[in-house]
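Structure, as structure tokens:
The values are calculated or read from the model by the stated rules, or taken from the named source; none is laboratory data. In this text, all values refer to a predicted model and were calculated from it rather than measured experimentally. Note that we place each Cβ from the backbone using ideal geometry, even for glycine, and neighbour counts take in every protein chain shown.
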Amino acid sequence: MTPPAARRPTDGPRATDGRQVTDGRRAADGRRAADGRWPQALSRRRALGLGATGALALLLGGCSAGTRQQLLDVDPRRLRLDDDVLTARPPAVSARERRRRRVLGGALAAELAYRQAGSALPPLTGRHGAGADVAAAVAVHASHRQLLGDPVRAAGPLLAPQPDDGGPVLAPPDRPAAVLGAGGATAVGAALAERAAEDADVALALLHARVAAARAAQTAALAGTGVAPTTWPTTPADPALAEALQVVLALEHRARWSYGVVLAWSTGRSDDAAAALTDHTDRTDALAGVLARLGTVPAAPLATYPTDDAGTPVDGPVTAAALALRVEDAVTAATAGVLAEALRVGDQGWSTAAVTVLAECERSRWSWGGVPASLPGAPDAA
């Protein structure tokens, strides 16, 4: 009688040819391998893997040396078989990188949309002619590409980022205003999301926000409308933020006074000067009310302001327009300071409002000879 230890199991599963399957290993030919183990069963996963490896081998055999090396450099764990085409999965990207790619995609879309539309676009600034406006707008978005890390890409078939993994998809734009509107919203969202991140990069958030303001100003100009109206929040503000608002208010007082001078000298542009005077009066009253509700005494206006601070007295329409542009530049820079402080303290309400007001200031600059700025309110914005 055979000892129990020497018995082979007789109640386990058998292969179709009747041979015994032991420990998950099938005896392919009734014999063990040289190392004493039974041959391993060929699983479905292993069969697919061997098939993909064979496909890759065939593919490599028909490739040039350079292409073969590129394929060999791909991490095998990133290979996938989709619709009988061997592709490489896009590498995982961080949330910050996804945001950057989306804002960059907006810059690419806007630049290409301007190039495609060309002189068919309505005047952007109304002062430089359609061709000059398009060239200035293209320069703005090309600058955005550089700032966002895409310095050498030429305009061509647009590869905009996918929302999920940042992979490229074909997305040809058609209407610049619609493209800019969507791109502006994306940039605002990227700025707020960046500031809300645990490892927030405030400088990057400010970059996204200024890009958003530039796009919003162009969107309104192309649509023939004003920038969407906004009101400053009435929630408690950080002391530094309140101080930045006081600086804007002081410059709005100056703007209101200066436009009275501009109106007196602006032959043929009295309607523009009167409209600007009304806008700045409304902004002054709104800011003073906000600061009062915040418990801060609003800055009071001066009795008079210099008009020849650039060394040229106002004595005609040209010098009057130059004064108006200096005033608008100063208000725009101060509003950018409010945006920077709002992002620094992480207040989304104040940040969103500041982006809209900054876009409104940027649009006002164009009426008096200013050119579209890449980053409204930045020292080198022009």
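A Cβ distance below 9 Å, combined with a sequence gap of six or more or placement on separate chains, defines the contacts here; from region 138-149, residues that are farther than 13 Å from residue 211 by Cβ reach residues that are modelled with pLDDT of 90 or more and of a type in the set (Ser, Thr, Tyr) in the pairs 139/374.
Condition check ((1) over 15 Å from residue 325 (Cα atoms); (2) assigned to a helix (DSSP H, G or I); (3) touching a strand residue (DSSP E or B) at 6+ places or on another chain (Cβ under 8 Å)) across all residues:
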residue: 254; (1), (2), (3): no, yes, no
residue: 257; (1), (2), (3): no, yes, no
residue: 262; (1), (2), (3): no, yes, no
residue: 275; (1), (2), (3): no, yes, no
residue: 282; (1), (2), (3): yes, yes, no
residue: 295; (1), (2), (3): yes, no, no
residue: 302; (1), (2), (3): yes, no, no
residue: 305; (1), (2), (3): yes, no, no
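For region 316-330, check the following and say yes or no: at least one residue is assigned by TED's automatic domain parsing to the domain that holds residue 369, assigned to a loop (DSSP other than H, G, I, E, B) and either touching a residue at least 40 places away in the same chain (Cβ under 8 Å) or touching a Leu at 6+ places or on another chain (Cβ under 8 Å) (or both). Yes; the residues of region 316-330 include at least one that is assigned by TED's automatic domain parsing to the domain that holds residue 369, assigned to a loop (DSSP other than H, G, I, E, B) and either touching a residue at least 40 places away in the same chain (Cβ under 8 Å) or touching a Leu at 6+ places or on another chain (Cβ under 8 Å) (or both). For region 325-353, filtering for residues that are closer than 16 Å to residue 196 by Cβ and among the small types (Gly, Ala, Ser) leaves 4. Which of the residues spanning region 346-379 are surrounded by fewer than 19 Cβ atoms within 10 Å (Cβ to Cβ), assigned to a helix (DSSP H, G or I) and in contact with a helix residue (DSSP H, G or I) (Cβ under 6 Å, 6 or more places away or on another chain)? Residue satisfying the conditions is 348 alone. Residues in region 218-239 that are surrounded by 14 or more Cβ atoms within 10 Å (Cβ to Cβ) and under 20 Å from residue 351 (Cα atoms): 218, 219, 220, 227, 230, 232, 233, 237, 238. Contact annotation: residue pairs with Cβ atoms under 7 Å, 6 or more positions apart or on different chains, pairing a residue in region 256-270 that is without any contact (Cβ under 8 Å) to a residue 40 or more places away in the chain with a partner that is crowded, with 18+ Cβ neighbours inside 10 Å and not aromatic (Phe, Trp, Tyr), are 260/277; 263/273; 263/277; 270/263.
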